[in-house]
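Please read the structure below before turning to the comments.
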Amino acid sequence: CDMRKCKKSLYMIPVLSKSSVGMRDPKRVEQILTSMRNAGPSTLQVISDFDMTLTRFAYNGKRCPTSHNILDNSKLISEDCKAKLKNLLDTYYPIEIDSTRSVEEKLPLMVEWWTKAHELLVQQKISKDHLALAVRESEAMLRDGYQQFFDDLHQTSVPLLIFSAGVGDVLEEVIRQAGVFHPNVKVFSNYMDFDESIWRKSRPLHLRYPNLQQPYPDDATLMIWSTDEDEIRPVLLMQRHSDWINDVIQGVLRAFKGELIHIYNKREGALLNTEHFKELQSRCNVLLLGDSLGDLNMADGVMNLQNVLKIGYLNDKVDERRQSYLNSYDIILEKDETMDVPNAILQYIL
Ligand code: C5P
Ligand code: MG
């Protein structure tokens with residue numbers, strides 16, 4: 001295919017001719033886009049990775065955090081644990097992006113990374129109510145143009161599935177704080193399991209502290225209120241002298257729920273969530289967004305699939321990985337921190 005001619009035939013989406021955009025087969029992209037546009041919005045669904053796909057990879061030359069890193073860098077983690085998590089990142093991230101190693105070789109190492117990191121996080125007794133603050137204080141950023149992306153999908157009732165190997169509770173908070181967690185958004189990810197058993201045992205007692213967003217001062221007096229009847233009355237006063245009280249009030253992280261999702265088992269994850277895809281049976285066209293080669297299988301659970309257009313962000317080690325990305329994604333975006341291409345494509349299809 002003559003590259004210039006094909007790009008010309010994609011003139012309806014001018015942003016595709018930017019130098020950061022690469023396509024192995026522009027003619028094929030053209031055909032998929034035409035077919036999706038003709039089929040209309042009622043047949044479309046979007047499946048996207050989260051970290052480094054919907055969020056920025058870098059800002060002003062500095063790396064932006066993944067959902068894991070938001071926790072790793074937060075006040076919720078001790079200095080000692082931070083050092084250990086950083087050590088894991090320095091060990092395993094280079095393996096994740098190493099184009100000389102096969103997926104088979106990387107897979108057990110990635111499982112090792114996720115498992116070790118989750119074990120460390122669980123030791124930190126992270127409380128649920130502090131997650132929002134950790135996100136607010138973090139440097140996580142959705143890519144430029146995210147508002148239009150989320151709002152366009154919402155307005156046209158196109159379902160958006162976010163399929164992430166990150167931390168579900170954290171990434172949900174990122175999109176909630178950005179004001180774009182619309183009802184058409186669904187998330188498959190690793191969710192934290194907070195221990196609220198003591199809390200449940202103490203019902204109908206209800207614990208109150210004036211400002212739950214603030215860390216508790218060590219000598220804080222906590223009040224336990226009875227909510228038995230209509231009347232709410234204090235029944236007990238306690239000094240915060242043990243972690244136990246902290247656990248009672250907020251529920252602390254004790255494990256991660258369900259099967260671990262890491263970057264190389266998204267296919268299995270998709271196939272486990274058949275209920276979701278069953279509901280979307282009439283949506284046979286998929287726009288898939290990812291940044292890792294592990295994201296390519298995210299649409300494997302889709303029923304009656306007709307067309308899938310795969311867009312891949314190539315954020316890091318661009319020269320080394322260009323060819324493999326061109327071979328597997330339909331459109332690659334090199335060091336592009338924006339949602340411009342997905343947005344322009346949605347404008348064209350919707
Ligand atoms: O949402 P997504 O599937 O992209 O999440 C996975 C990303 O999280 C990986 O690209 C990996 O670099 C990162 N990660 C991390 N800390 C961990 C495990 C994974 O930052 N402990
Ligand atoms: Mg990612």
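If ASP129 passes every condition in (1) at pLDDT 95 or above; (2) surrounded by fewer than 19 Cβ atoms within 10 Å (Cβ to Cβ) but one, which one does it miss? Of (1) at pLDDT 95 or above; (2) surrounded by fewer than 19 Cβ atoms within 10 Å (Cβ to Cβ), only one is false for ASP129: (1).
So that you can scan it fast, the table gives a plain yes or no per residue for (1) farther than 21 Å from GLY294 by Cα; (2) surrounded by fewer than 14 Cβ atoms within 10 Å (Cβ to Cβ); (3) touching a residue at least 60 places away in the same chain (Cβ under 8 Å):
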residue	(1), (2), (3)
SER19	yes, yes, no
GLY22	no, no, yes
ARG37	yes, no, yes
GLN45	no, no, yes
TRP114	no, no, yes
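Taking the range 275-290 as the range and being free of Cβ contacts under 8 Å to residues at least 40 places away in the same chain and either farther than 9 Å from LEU305 by Cα or within 16 Å of ligand 1 (Cβ to nearest atom) (or both) as the test, the residues that pass are GLU275, PHE277, LYS278, GLU279.
Give the residue that is nearest to VAL135 (Cα to Cα), with candidates limited to residues of the range 70-90 that are without any contact (Cβ under 8 Å) to a residue 24 or more places away in the chain and either touching a Ser or Thr at 6+ places or on another chain (Cβ under 6 Å) or not acidic (Asp, Glu) (or both). Out of the qualifying residues, it is LYS82. Surrounded by fewer than 16 Cβ atoms within 10 Å (Cβ to Cβ) and either more than 14 Å from ligand 1 (Cβ to nearest atom) or of a type in the set (A, V, I, L, M) (or both): is that true of ARG136 in this structure? Spelling it out, ARG136 is indeed surrounded by fewer than 16 Cβ atoms within 10 Å (Cβ to Cβ) and either more than 14 Å from ligand 1 (Cβ to nearest atom) or of a type in the set (A, V, I, L, M) (or both).
All told, PRO14 falls short of being modelled with pLDDT of 95 or more and farther than 24 Å from LEU109 by Cα. It is to be established whether one or more residues within the range 127-144 are within 16 Å of ligand 2 (Cβ to nearest atom), under 22 Å from ILE261 (Cβ atoms) and in a loop (DSSP other than H, G, I, E, B). Checking the range 127-144: at least one residue is within 16 Å of ligand 2 (Cβ to nearest atom), under 22 Å from ILE261 (Cβ atoms) and in a loop (DSSP other than H, G, I, E, B). The set of residues from the range 261-314 being of a type in the set (Ser, Thr, Tyr) and under 17 Å from the mean Cα position of the chain (by Cα) comprises TYR264, SER292, TYR313.
Results for (1) under 22 Å from LYS335 (Cβ atoms); (2) within 13 Å of ligand 2 (Cβ to nearest atom); (3) more than 17 Å from the chain's Cα centre (by Cα), shown as yes or no for each residue.
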position	(1), (2), (3)
THR34	no, no, yes
VAL46	no, no, no
PHE50	yes, yes, no
THR55	yes, yes, no
ALA58	yes, no, no
LEU71	no, no, no
LEU76	no, no, yes
LYS84	no, no, yes
ILE95	yes, no, yes
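Residues in the range 149-157 include at least one that is within 29 Å of ARG322 (Cα to Cα), assigned to a helix (DSSP H, G or I) and either within 16 Å of ligand 1 (Cβ to nearest atom) or modelled with pLDDT of 95 or more (or both).
Among the residues of the range 298-323, the one identified as closer than 17 Å to ALA270 by Cα and within 12 Å of ligand 1 (Cβ to nearest atom) is MET298. Against the test of being within 16 Å of ligand 2 (Cβ to nearest atom), modelled with pLDDT of 95 or more and under 17 Å from ASP51 (Cβ atoms), the options LEU89, LEU121 yield a single qualifying residue, LEU89.
Kindly indicate whether any position in the range 55-62 is within 16 Å of ligand 1 (Cβ to nearest atom) and within 24 Å of ILE349 (Cα to Cα). Within the range 55-62, one or more residues are within 16 Å of ligand 1 (Cβ to nearest atom) and within 24 Å of ILE349 (Cα to Cα).
The values are calculated or read from the model by the stated rules, or taken from the named source; none is laboratory data. Treat the numbers as computed from the prediction; the structure is a model and nothing was measured. Neighbour counts run over all protein chains shown; Cβ positions are idealised from the backbone, glycine included.
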